Structure formats: C-alpha cells, structure tokens
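Chemist: Below is the structure I would like to discuss, written out as structure tokens.
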2 protein chains.
Amino acid sequence: MTSPAAPQPHDSPAPEFAERLHTALGDAAGTVLTDPAAMERYAHDDAEWAAYALPLAVVRARSTDDVRRLVELCVADRVPIVPRGSGTGLSGGANALAGSVVLSLERMDRVLEIDPQEKLAVVQPGVVNDDLRAAVAEHGLWYPTDPASAPWSSIGGNVATNAGGLCCVKYGVTGDYVRELEVVTGTAEVVRLGRRTAKGVGGYDLKSLLVGSEGTLGIVTEVTVRLRPSRPEERTVAGYFDSVTDAGEAVAATLAAGVVPSAMELVDRSCLEAVDAWKHMGLSLEADVVLLGRTDTPGADGAEEAERMRQAYEKSGASFVAVSSDAQESEALFAARRLAYPALERLGPVLTEDVCVPVGAVPEMLGRIQATAAAYDVRIANIAHAGDGNLHPLIITEPGNDAQRERAQEAFEVILADALALGGTVTGEHGVGLLKRPGLGRELSAPVVAMQRAVKAALDPHGILNPGKAIV
Amino acid sequence: MTSPAAPQPHDSPAPEFAERLHTALGDAAGTVLTDPAAMERYAHDDAEWAAYALPLAVVRARSTDDVRRLVELCVADRVPIVPRGSGTGLSGGANALAGSVVLSLERMDRVLEIDPQEKLAVVQPGVVNDDLRAAVAEHGLWYPTDPASAPWSSIGGNVATNAGGLCCVKYGVTGDYVRELEVVTGTAEVVRLGRRTAKGVGGYDLKSLLVGSEGTLGIVTEVTVRLRPSRPEERTVAGYFDSVTDAGEAVAATLAAGVVPSAMELVDRSCLEAVDAWKHMGLSLEADVVLLGRTDTPGADGAEEAERMRQAYEKSGASFVAVSSDAQESEALFAARRLAYPALERLGPVLTEDVCVPVGAVPEMLGRIQATAAAYDVRIANIAHAGDGNLHPLIITEPGNDAQRERAQEAFEVILADALALGGTVTGEHGVGLLKRPGLGRELSAPVVAMQRAVKAALDPHGILNPGKAIV
C-alpha cells in the first residue's frame, strides 16, 4: 500500500446536515441517498487498495443549480464534497471520505448541442465518452480522446483526470479538446472558464488549470469540446515479438523513422490470454508481445508510412508482421487491448501502474519492469500506450494472499522510482487521486508543491473540494 | 485611448537600488543599464498608445541565476519587474512602469538541446522563433507556431502571450507545443513546471497556467517544446473577392466542407498596397480582398481538399481562384501577409485589433468592422487568421491628427463590443497587456476576475511580477 495520508473532513458536520440536503435538493427523484447499502457503490472508484469510507450522503445532481446549492450547504458546514462521474478512475480520486458528501454527476447526461459549423459539442459531465463519439459521428464529426474506458467513463471524469487513450499519440489528450467549462466554484458561484472561439488569450487559462484537477478546484457542470472532421480509415501494422524489450525497440524505431502513428499499443501474452479466456475471441497466442501500430494518413502516403512501420518492426526483431487496411481484421486485436484491464481484474486484485517515460526509454523501462516482477516474485502483465511512453504494468495478485499483496506494493513503488529515474512521471493519464500522492511527492520539488497548494487555497478557500486528492 | 488603469509601482524603491543591481549583477558586460537614452528602447513594446514610463533600470540577464538574483533584490524592495523578449508585443504587456526594472531576456538566446528521438527542443527564452525553426529543420523537424512576427519575436515572448500565427488553424498555438518551463517564481525560486514526457497529469497544470500569463505569474527562463516531423509541401488556393464579407463567406464555406486548412489568411487591398509601396513586390492589386487558403494533406487527398476549397471560394462569389502547388508562386502573397503590419505602420500610428469570433460569425464581424470604419470616418485595413475567426482590423491614423485619433479609439471600442456581442473574445493571440484590460473587464464575469486575482496573489505574493498587466 502506498500509504496515502488519510484525508480528514474539515469539521464534524452537524447531525442534521443530511436532513438539510433532503430539504434543499428534494428526494422525490432519488437525488439524496443516505442508505448505506445504496451509498456503497458510490463510495469508491476502480482503484484497488485505495482507502475509502462511507460518506454522509450521496447527492445525484440533476442540474447545475443542484450542484450550486449543494456547494452552498457544504461551505456553510465545511463538509467535503467528493465529485464523481462513472467511477472508472484508477487512482482513488473519487473515493469517499468519512463525513463527506459524494456528488454523482451521472444523471447530468445530456448532449446539449452539436454545432457542425463551429465543430463543437456542449455536453453535461455525465455523458459517456462513447455516447458523445456516436452522437457527433452522425454529423460527420469525430471526438478523438478514447480512453480504454470509453464505453463507461464520462466526459466529466475524463476532464477531471485529463484522460488520455489510444489515439492521443497523434491527437492529444482530453484537455486538448476542451474549449470551455461551466464550473461551480468552491464559493458556490457558477462560472464559465475558457471560451467557444478557436483562439483566445484573455486572462489566465483557468480552463486548462481545472482540467486534470480531479474536482479539487471546482466542479465541472458543463463541457464544450472541439471536434474534428471524421477521419480516413486506418491501416494497422500488427507485429509479434518474443520480448517486451524488442517490442519497445520497435516503438522507438517507428518514431525515429518520422512516422506519426494514430495508435501504437503494446499488449503482452498475459493480457491476451486473460481476454481470450473471458471472451473466447480466438486470439492468436503465439507471441509474447503484440505491438499494434496504426496510421490514418490517407492514400499512398499512408501506405508508405505503414511500410516504414513494418520495416521498423522487422529491424527490431519481430517474428511476424501483418499490414492490414481491413478494419475488421485488426479490430479484434484492438478490442482485446481495450478489454485487457477488466479481463485481468477477473483473475484477482490488479494494482495498475500508469508511468510515462520518454519514448526512447520505453525498452529500458519495460526491461526494468520485468526485472522487478522477478525480484518481487509477482505477476506483472503489460499493456501500454507505447507510442507515448505511457506504460500500464498491471500487478496481479491472488485474492487473500497477503504476502503477495505486500510484495506487489513494494514492486509498485520500485516501478515509480524507475520511471522517475528515467526522466518520467508517476502518472501519464490516470491521475494522482490517492494512490499516486506519495509518488508525486517524489516527482515534484518542494517549491512546486508549495505553488500547487497556494493555487488550491486560492480557488478553494474553504477546503471543501475533494480535499486530500490530486496534489501533495 | 482605452484608459488602462495606470499601473503603479508598489513602493518607492530606495535610491541606491540601481547601485545594488550593479553590485549584484555586475555591469562589465552591459547587464545593468541606467542611462535614459539606453533604456528608451526597452521601455515599451510595439503597442501604439499604451502608457509607458522610463524604468529605474534595465537588466539584460545572461542566465537563470541573473534572473533569480534580480527577483531576490526586487522582492526585498518591492520593485516591480517588467519582463520582455524582443518587444514585438502589440498590447503593451512589456511596457515599463515608473520605478520598475525592465528585465530583457534577449541575451539568453541559446538553443540548448535538440532531441530528434523525443522530438523536443530546449531553448532559452531569447531565441527568435524563426531561428528555432531553422535549427530544428536541420534535423528533419518542424516547430509549427508561426506568428507573423516570427523573424523577430522570441520564444519567451511567444510563451508569455501564448502566441498564435498562420498555421495554428490546423496545428494550434504556442501552448500546444510547450512541454516544460523553467521559471523563476515571484519568491525567487527556480522551478520546473510541466515535464518532458508526451503525457503526464501529476498535480495541477501550472505550465499551462503560466503560458499566456504575460510575465505576471513567473519569469520563464527556459522552454522545452515538442516538435513535429517536417511536413509535406503545401498547396495554396488563392481567391480574389470584391468584398470582405464574400471572403468571410468563403472561409465559412471552406470549413463547412470539412476541409482542415493548414492556413486560411485574409488580406485586403489596403494591406497589399502598403506592402507593394514599400517592397515593390509587384503584387496584383486587382482584388479588394485576397483569401489565402493552404492544405498540407499529402497526395490525392490534398488535391481533393484544394479542389473543395476552390469550389467553396467560387460558391461564395470569388472573382478569380488559383490553385497552386508551387511554393514560390504563392510565397509572395504569404510574404505580403506577413509584412502587412510593418508596412501599414510606415503610414502612421496603427491601432491593432485582435478580436476572435466563431468562424460562422466571420462574415458578420467583417461587415460590422466596415460599418464602424464608415461611422467613425477612420481607415481600417484588414488582415485575419480567418480560419480561426481571429481578425486583425488595423485602424490607421494620420500622424498628429488628434481628432482622427479620438475617433480611432472610439472605433476600437466598438469593434471589441461587436466581437463580444457575436460570442467572441477581445484578444485571440496578442494578449491583454494594457490595451485590452478594459475590454477583458467587459468579457469576464466578476467571479472569474476574482479567481484570476486570487491566482495572481497566490503565485506572486509580493506583487512584483509585471503588475497591472494581463488581468483586470
């Protein structure tokens, strides 16, 4: 366990606080939950081993005004608010504290506007990523950011963690698509940050500051995202390798060849086996590691780019390479990539890493992860947004095996230390939440930590917004 | 005049302050200037009619440590620091206050590192934009952001204003390329914000907060930018129009056709005439407005995109359209676009607007600008990053004509009001500086202004970093 400092509520709320919530927000539509059994599923996200407690109440907001009124009440009694989207987070950012109110935004799930001319969509925070993607596709538009959780995770949660995904190696992360946010502040004011126009530099970029702040600087109640035109079909270059380090070399060689892949994912045999055992997809399991590169460059240039990728794989020791422009043919492998995490979770508690290193350090980092697995006698499966240097070693433990669990936690810390030693970061896209706070403390210098705390104090003067998360 | 609140130094510096600067920083190499004649050229940027005063001293730093020591001294005596790059700013952000020290970063002009594998460059803030572009081109890499001032403006200044440019309609603005900053804080600490890796979400995104903050939250002493591989040749689609609103319609029609132009610039006859009178480029002056679209999509898809652009122009009433894949052929027109501002400045004081509106509102906004020119009897030339909705109406006045100057200032305010009424912003890329503070006050709500002030107070507790700029 990474021993996050156990967050404390700022004050003991008055016992009648839940009653006041009912009065202020109404409960006819199930807006306020206080029944422990009903609250349990809102008390934590998908991070293994991050601390959580049952909250005082769960508020399932229906509107910005619900959120504003909740913040007003919480300011008055200094009750912490823990906002959450779909609860697919992997760092404990949405885990409840004792004495807090969990604010679920899942019912604010409407796509409010799609503007094909401005290539914008305006959505409530509870809209699921894949649902937004489907809605804008009807207008010939594309919302790129595609975390593997896209079928379940919400745009609000994506904004709160600045979520990445498969295509961000070419198209960037959530924050690159956020134009404007409606936010309820820590002083219960409703503000708009950023703007709808393509450019704008008026005043500080508080919109970008809010993105990735895990609900600690404000509660996002509306998101305006920019969209791209639908893109051409992708070509896939799948390579089989006998070692993760060879596959890592192939990633570095591909990028060195000037290719700008639209995806560059690494999946190892452990992941493929777990998916196949679950979904019976008939995946080929002949390789230790599969590297899935894609290019969406159109025409002859795209074919040439795929060819350069193939050569980079072969030069790096691939045992087999297949180039395909048939979407169906490669979709099974990408589907397996997306399903790897839930498939492994079926086997036992999974401690998920999210380090990101310079792309040139990917082979070295993958080698160190293997060495750590051996040294601590734990099973580590690997999926990776390899083209970004963003690796997800997954430490899998047997349920109830405490000795193994302790070794897994030690291995987790070693991997963080290795990533930092190679010039990397402890979290590429999952966020800090609770699990990465100790690692972040090692990553950032003391003056930077002080600056982050000063910003937190400036924008959340009552300390009620998801305290104890995101920063150290 | 937009009556910016005249910024005041926080305190009367001790008379021996300049002496202490000499002692601390040395003056053998011309680091500290106190001679009024020598200081004059450092006392203001390129904004017409923004207030400035001679500073107490000018410090031409040679190193991060020079900057740190300067901040230490200024903290002790509460002396404001006004940082500046090349002084090409157009909003007065680098204008000196009485009693301040101007900090010039022009001598910190080294490219420290180019890493082709990670596609990164690390530069000091005084490196000129075009010099960075040339340096990385030798490695087959490309730094996209290209303000029209690229031959003169520095990367530090580009970061301070989050500068845009011609290609940002496809490739984004300065902030989209900044990975990491070294910053001297308002408490004289040297920190690194952001990171070198492709992704990272550890803690608040203070790097993005610093970008565009005009030296009011920290002084940037080193910049790490990401690079792209060199791109394919562009095709240019030049269209001649009889009215700016027709050209505006062509912009909207081009974007509605799903084209993603790599540039989409508008230049009117006033600008072309001024450039031709200066440079004798033999520009064709048969059109009232020229629209310069480009695409860098390779191969047949690029040809098809250029064809869709041509059709959009013709549908919108172009009198002539020429499609060219010959770089030389179109370069003269783009060179004229880049030279428009200095060419007009030769004719008299130019009050430069920088509004940005939704792209669908470009024709309406251009029409309103024409109406304003007529109503206030002033000459307004137009250049525009039209594909972003970022317009630069240039109000040209006769030297010494006070009545005209007053009318120009009134027209300036009307244009800001029109941009806001159409859902736009008062500054797309030039920054707030002094000139846009009143407009920004109209654009932002009171709680957002309060949030910005709270952030400023949190990160610049002594109020010494470029006070009175960037926010309201």
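The values are calculated or read from the model by the stated rules, or taken from the named source; none is laboratory data. Being a predicted model, the structure only gives us computed values, none of them experimental. Neighbour counts run over all protein chains shown; Cβ positions are idealised from the backbone, glycine included. When the accessible area is computed, the model is the full protein with side chains, heavy atoms only, and any ligands, DNA or RNA have been set aside. Shrake-Rupley method; radii C 1.70, N 1.55, O 1.52, S 1.80 Å.
Chemist: Would you list the strands (runs of 3 or more DSSP E) that sit entirely within segment A:128-244 and hold 2 or more residues that are open to solvent by 10 Å² or more (accessible area, probe 1.4 Å) and under 30 Å from B:Ala446 (Cβ atoms)?
Modeler: So the answer is A:178-184, A:190-194, A:219-226.
Chemist: While we're here: Just for segment B:279-319: of the residues that are among the acidic types (Asp, Glu) and away from every other protein chain (no Cβ under 14 Å), which one is surrounded by the fewest Cβ atoms within 10 Å (Cβ to Cβ)?
Modeler: Selected residue: B:Glu286.
Chemist: Taking the condition among the acidic types (Asp, Glu) and open to solvent by less than 20 Å² (accessible area, probe 1.4 Å), does A:Asp268 pass?
Modeler: Here the answer is yes, as A:Asp268 does meet what is asked.
Chemist: Another question about this same structure. Could you check how many residues of segment A:436-472 are open to solvent by less than 10 Å² (accessible area, probe 1.4 Å) and either in the same structural domain as A:Leu217 (by TED's automatic domain parsing) or under 19 Å from the mean Cα position of the chain (by Cα) (or both)?
Modeler: Adding up the residues that qualify gives 6.
Chemist: Could you tell me which residue of segment B:398-419 is nearest to the other protein chains (Cβ to nearest Cβ), considering only residues that are within 22 Å of the chain's Cα centre (by Cα) and surrounded by 20 or more Cβ atoms within 10 Å (Cβ to Cβ)?
Modeler: Among those residues, the one meeting the criterion is B:Ala419.
Chemist: Give B:Arg20, B:Arg41 a once-over and let me know the one that is at pLDDT 90 or above, of a type in the set (Lys, Arg), open to solvent by 40 Å² or more (accessible area, probe 1.4 Å) and under 30 Å from B:Leu416 (Cα atoms).
Modeler: Only one candidate qualifies: B:Arg41.
Chemist: From the list B:Ala274, B:Ala247, which residue is open to solvent by less than 10 Å² (accessible area, probe 1.4 Å), more than 21 Å from B:Lys170 (Cβ to Cβ) and in a helix (DSSP H, G or I)?
Modeler: Sole residue among the options that is open to solvent by less than 10 Å² (accessible area, probe 1.4 Å), more than 21 Å from B:Lys170 (Cβ to Cβ) and in a helix (DSSP H, G or I): B:Ala274.
Chemist: Further, regarding this structure: Looking at the structure I just gave you, is A:Leu422 in contact (Cβ under 8 Å) with a residue 60 or more places away in the chain and crowded, with 24+ Cβ neighbours inside 10 Å?
Modeler: Here the answer is no, as A:Leu422 does not meet what is asked.
Chemist: All but one of (1) in a loop (DSSP other than H, G, I, E, B); (2) modelled with pLDDT under 90; (3) not basic (Lys, Arg) hold for B:Phe334; state the number of the condition that does not hold.
Modeler: B:Phe334 satisfies every listed condition except (1).
Chemist: Filter segment B:343-371 down to residues that are open to solvent by less than 10 Å² (accessible area, probe 1.4 Å) and part of a helix (DSSP H, G or I), then give me how many there are.
Modeler: 6
Chemist: Scan segment B:47-73 residue by residue and report those that are within 28 Å of the chain's Cα centre (by Cα) and more than 18 Å from B:Pro125 (Cβ to Cβ).
Modeler: Residues satisfying the conditions are B:Ala47, B:Glu48, B:Trp49, B:Ala50, B:Ala51, B:Tyr52, B:Ala53, B:Leu54, B:Pro55, B:Leu56, B:Ala57.
Chemist: Determine if segment A:332-352 includes at least one residue that is over 23 Å from the mean Cα position of the chain (by Cα) and among the aromatic types (Phe, Trp, Tyr).
Modeler: No, segment A:332-352 has no match at all.
Chemist: Tell me which residues, restricted to segment A:156-213, are more than 7 Å from chain B (Cβ to nearest Cβ), in contact with a His (Cβ under 9 Å, 6 or more places away or on another chain) and farther than 24 Å from A:Ser262 by Cβ.
Modeler: Within segment A:156-213, A:Gly186, A:Thr187 meet the criteria.
Chemist: For A:Asn382, all conditions in the list (1) among the polar types (S, T, N, Q); (2) crowded, with 17+ Cβ neighbours inside 10 Å; (3) not in a strand (DSSP E or B) hold save one; what is the number of the exception?
Modeler: The one condition A:Asn382 does not meet is (3).
Chemist: Taking the condition within 14 Å of chain A (Cβ to nearest Cβ) and either farther than 30 Å from B:Ala454 by Cβ or of a type in the set (S, T, N, Q) (or both), does B:Ala247 pass?
Modeler: It is false that B:Ala247 is within 14 Å of chain A (Cβ to nearest Cβ) and either farther than 30 Å from B:Ala454 by Cβ or of a type in the set (S, T, N, Q) (or both).
Chemist: How do the pairs read when you match residues in segment A:398-413 that are closer than 18 Å to A:Thr427 by Cβ with residues anywhere that are in a helix (DSSP H, G or I) and open to solvent by less than 80 Å² (accessible area, probe 1.4 Å), using Cβ under 6 Å and keeping only pairs 6 or more apart or on different chains?
Modeler: Matching pairs, first to second residue: A:Ala411/A:Thr372.
Chemist: Evaluate segment B:227-235: report whether one residue or more is at positive phi and not charged (D, E, K, R).
Modeler: Checking segment B:227-235: not a single residue is at positive phi and not charged (D, E, K, R).
Chemist: Tally the residues that are assigned to a loop (DSSP other than H, G, I, E, B), open to solvent by less than 30 Å² (accessible area, probe 1.4 Å) and farther than 30 Å from B:His392 by Cα, restricting the search to segment B:84-117.
Modeler: 3
Chemist: Considering every residue within segment A:420-431, establish whether at least one is part of a helix (DSSP H, G or I), within 14 Å of another protein chain (Cβ to nearest Cβ) and in contact with a helix residue (DSSP H, G or I) (Cβ under 8 Å, 6 or more places away or on another chain).
Modeler: Within segment A:420-431, one or more residues are part of a helix (DSSP H, G or I), within 14 Å of another protein chain (Cβ to nearest Cβ) and in contact with a helix residue (DSSP H, G or I) (Cβ under 8 Å, 6 or more places away or on another chain).
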